[in-house]
Amino acid sequence: MSKNTIFFRVDGDDGSSVGLGHLNRIIKIFFQIKKKYKSKFNYAFISKNYMTGIKFLKDKIKTEPKIIYYRQLNKLQIKEEDIFIIDTLGIEKKLSQILKQNKVKKVLSFDETKPSRINSGVIINGIFFAKKKLKKINKIKVYQGSKFIVLDEKFSIRKINKNQKLFNKILVTSGGSDKKKMMFRVIKKILNFKECKNIISIVGSGVDKKNPLFKLKNKKIRFIKRAANIKSLLNQCSIAICSGGTVMFESIASGLKPFVIQTYTNQKYAIDYFNKKKAIIKIAKIDNKNCEDILYRKLNQYDFNKNDHLINRNNKLVDGKGLLRVTNIIYKFIN
């Protein structure tokens with residue numbers, strides 16, 4: 001009897017449409033599943049042909065992953081007992097129809113915006129809940145709230161550096177990609193800020209080599225590519241300036257109150273939620289031509305001789321244990 005397959009439906013790109021956040025989350029979950037079940041299942045990734053995302057996937061998985069391009073979906077051989085894990089901000093109508101035709105019952109979706117397209121299974125909304133909380137749905141288990149935000153396991157250890165010197169180091173990152181040149185605009189501006197001593201710029205794998213960021217020549221700036229331990233870097237800093245994606249959550253989990261710039265529309269609700277909870281400092285949309293000027297003014301409003309403003313020592317909104325909670329849900333779901 002042939003093994004059942006766990007299909008991961010996810011996309012990642014250079015920041016033109018979806019960025020790399022969803023893909024990064026699924027890869028973390030894939031490794032947890034593979035560690036527990038080893039070769040009990042076959043594994044396959046269904047993805048659109050975004051080359052940045054495909055390269056990112058291959059680099060992270062190392063052993064050649066089975067990749068099925070979304071355009072080949074109609075040719076996909078699916079068994080009723082197969083498992084689908086979806087991370088596309090809403091299951092597509094085409095995939096929904098195929099799963100229903102093949103009577104697939106085990107469907108798990110992250111930040112699902114179209115629950116009516118799923119007959120049965122599990123929805124885990126660790127981010128989308130900030131826009132809309134789902135009510136009980138027949139035959140679907142729903143888990144929602146910030147405690148289901150998936151971060152690296154390192155963030156489950158809540159150790160904050162009590163000796164952080166304010167403005168000694170600033171961390172700046174736009175996440176996995178930087179299509180809108182956020183880092184260049186931010187760093188160029190804050191270099192003029194007198195309290196700015198050192199800048200750590202985390203450069204994601206989806207950042208184009210031609211990005212003007214790399215033309216910034218200043219001894220204060222340290223570029224880090226393929227950062228292996230973002231938790232450690234955040235612990236070295238008192239200020240984090242980031243987009244509204246994964247690094248925003250990582251900053252909160254590290255005890256910081258990050259300055260956040262919205263780079264994608266789907267980040268709006270999480271930014272608004274955490275801003276209302278006073279866990280972040282909301283700046284503006286990256287499309288605002290005065291975005292960096294707004295950031296500069298916000299920085300000037302703070303007394304950087306006092307820790308209380310920018311260090312969230314007791315903030316437990318994102319405790320870093322989301323990966324553990326989510327994988328436990330998935331293990332029960334699979335079995």
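The values are calculated or read from the model by the stated rules, or taken from the named source; none is laboratory data. Worth saying up front: this structure is predicted, and the values here are computed from it rather than measured. Positions of Cβ are backbone-derived with ideal geometry, glycine not excepted, and every protein chain shown enters the neighbour counts. For accessibility, only protein heavy atoms count, side chains too; no ligands or nucleic acids. Shrake-Rupley method; radii C 1.70, N 1.55, O 1.52, S 1.80 Å.
General remarks:
Conditions tested, residue by residue: (1) of a type in the set (G, A, S); (2) in contact with a Gly (Cβ under 9 Å, 6 or more places away or on another chain); (3) crowded, with 20+ Cβ neighbours inside 10 Å; (4) over 12 Å from I6 (Cβ atoms).
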position: N24; (1), (2), (3), (4): no, yes, yes, yes
position: K34; (1), (2), (3), (4): no, no, no, no
position: K60; (1), (2), (3), (4): no, no, no, yes
position: Y70; (1), (2), (3), (4): no, no, no, yes
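- Contact annotation: residue pairs with Cβ atoms under 8 Å, 6 or more positions apart or on different chains, pairing a residue in segment 96-116 that is on the phi > 0 side of the Ramachandran plot with a partner that is surrounded by fewer than 24 Cβ atoms within 10 Å (Cβ to Cβ) and of a type in the set (F, W, Y), are D111/F128.
- Condition check for S201 on (1) more than 24 Å from K321 (Cβ to Cβ); (2) part of a helix (DSSP H, G or I); (3) open to solvent by less than 10 Å² (accessible area, probe 1.4 Å); (4) not aliphatic (A, V, I, L, M): one failure, at (2).
- Pairs linking a residue in segment 261-284 that is open to solvent by 10 Å² or more (accessible area, probe 1.4 Å) to a residue that is among the small types (G, A, S), with Cβ atoms under 6 Å and 6 or more positions apart or on different chains, are Q262/G244; T263/S243; Q267/G244; Y269/A130; Y273/A130.
- Residue selection: N315 fails the criterion of being out of contact with any Cys (no Cβ under 9 Å at 6 or more places or on another chain), open to solvent by 30 Å² or more (accessible area, probe 1.4 Å) and at pLDDT below 90.
- Filtered residue count, segment 132-151, keeping only those that are within 19 Å of the chain's Cα centre (by Cα) and in a loop (DSSP other than H, G, I, E, B): 5
- Filtered residues of segment 51-82 (kept if within 23 Å of the chain's Cα centre (by Cα) and among the aliphatic types (A, V, I, L, M)): M51, I54, L57, I61, I67, I68
- Restricting F184, F129, F155 to residues that are without any contact (Cβ under 8 Å) to a residue 60 or more places away in the chain, within 25 Å of S238 (Cβ to Cβ) and either open to solvent by less than 60 Å² (accessible area, probe 1.4 Å) or assigned to a loop (DSSP other than H, G, I, E, B) (or both) narrows the list to F184.
- L234 being open to solvent by less than 70 Å² (accessible area, probe 1.4 Å), touching a residue at least 60 places away in the same chain (Cβ under 8 Å) and not in a strand (DSSP E or B): yes
- Every listed requirement among (1) open to solvent by 60 Å² or more (accessible area, probe 1.4 Å); (2) of a type in the set (A, V, I, L, M, F, W, C); (3) in contact with a helix residue (DSSP H, G or I) (Cβ under 6 Å, 6 or more places away or on another chain) is met by V10 save one, (1).
- Matching residues in segment 54-70 - criterion: being out of contact with any Phe, Trp or Tyr (no Cβ under 6 Å at 6 or more places or on another chain) and not in a helix (DSSP H, G or I): K62, T63, E64, K66, I68, Y69
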